[in-house]
């Protein structure tokens with residue numbers, strides 16, 4: 001079971017990771033290819049060596065020539081369920097935005113960069129930080145999140161466009 005302290009990090013990590021996944025074509029806007037519905041699953045690895053499966057569904061509304069995005073994300077594991085709303089903007093290869101998680105009433109910020117079809121970012125909220133990397137190829141996304149100061153060692157998710 002994921003520790004109670006790790007729950008906000010767990011939720012925020014997914015918010016940051018999934019809300020900023022770019023498409024390979026940045027000329028039209030970093031979020032151009034994300035509009036619509038995505039779903040997938042992955043694994044949460046704990047620092048004690050245990051693991052838990054997680055499933056996620058996301059919907060993306062993209063505007064501003066592909067530079068603005070609103071996301072709704074729901075993820076569930078055996079121990080947790082969370083609902084996240086996010087707003088992100090890309091400008092000159094830099095990402096900035098905010099997220100909120102409704103079941104725990106937490107909020108935070110996302111910052112990062114888009115380079116060569118990938119993302120390098122930080123997700124921050126009250127009392128925690130997580131680094132993440134995202135790779136999108138066509139209709140597939142791979143996300144890796146590494147929270148700091150948590151019982152969660154790493155979160156890995158693969159999503160496909162539906």
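The values are calculated or read from the model by the stated rules, or taken from the named source; none is laboratory data. Treat the numbers as computed from the prediction; the structure is a model and nothing was measured. Virtual Cβ from ideal backbone geometry, glycine too; neighbours counted across all protein chains shown.
Within segment 107-152, the set of residues being touching a helix residue (DSSP H, G or I) at 6+ places or on another chain (Cβ under 7 Å) and closer than 18 Å to residue 44 by Cα comprises 123, 128, 130, 132, 134, 143, 145, 147, 150, 151, 152.
When segment 75-103 is limited to residues that are in contact (Cβ under 8 Å) with a residue 12 or more places away in the chain and not in a strand (DSSP E or B), the one that is surrounded by the most Cβ atoms within 10 Å (Cβ to Cβ) turns out to be 80.
Does residue 53 qualify as being in a strand (DSSP E or B) and surrounded by fewer than 14 Cβ atoms within 10 Å (Cβ to Cβ)? Taking the combined requirement at face value, the residue satisfies it.
Checking each residue in segment 123-157 for being assigned to a loop (DSSP other than H, G, I, E, B) and either at positive phi or surrounded by 16 or more Cβ atoms within 10 Å (Cβ to Cβ) (or both) picks out 127, 138, 149, 150, 151. Quickly run through segment 45-59 and pick out the residues that are more than 15 Å from residue 144 (Cα to Cα) and free of Cβ contacts under 8 Å to residues at least 40 places away in the same chain. Scanning segment 45-59 gives 49, 50, 57, 59. Each residue in segment 122-141 was checked for being more than 10 Å from the chain's Cα centre (by Cα) and within 23 Å of residue 90 (Cα to Cα), and 13 of them qualify. If you go through segment 111-122 and keep only what is at pLDDT below 85 and either outside any strand (DSSP E or B) or within 16 Å of residue 141 (Cβ to Cβ) (or both), you end up with 114, 116, 117, 118, 119, 120, 121. Annotation for segment 71-91: no member residue is on the phi > 0 side of the Ramachandran plot, out of contact with any strand residue (DSSP E or B) (no Cβ under 7 Å at 6 or more places or on another chain) and modelled with pLDDT of 85 or more. For beta carbons closer than 6 Å, sequence separation of 6+ or different chains, a first residue in segment 104-122 that is under 12 Å from residue 30 (Cα atoms) and a second that is modelled with pLDDT under 85 and surrounded by fewer than 21 Cβ atoms within 10 Å (Cβ to Cβ), the qualifying pairs are 113/120; 117/24; 118/135. Take residue 95 and tell me if it is touching a helix residue (DSSP H, G or I) at 6+ places or on another chain (Cβ under 8 Å) and over 18 Å from residue 52 (Cα atoms). Here the answer is no, as residue 95 does not meet what is asked.
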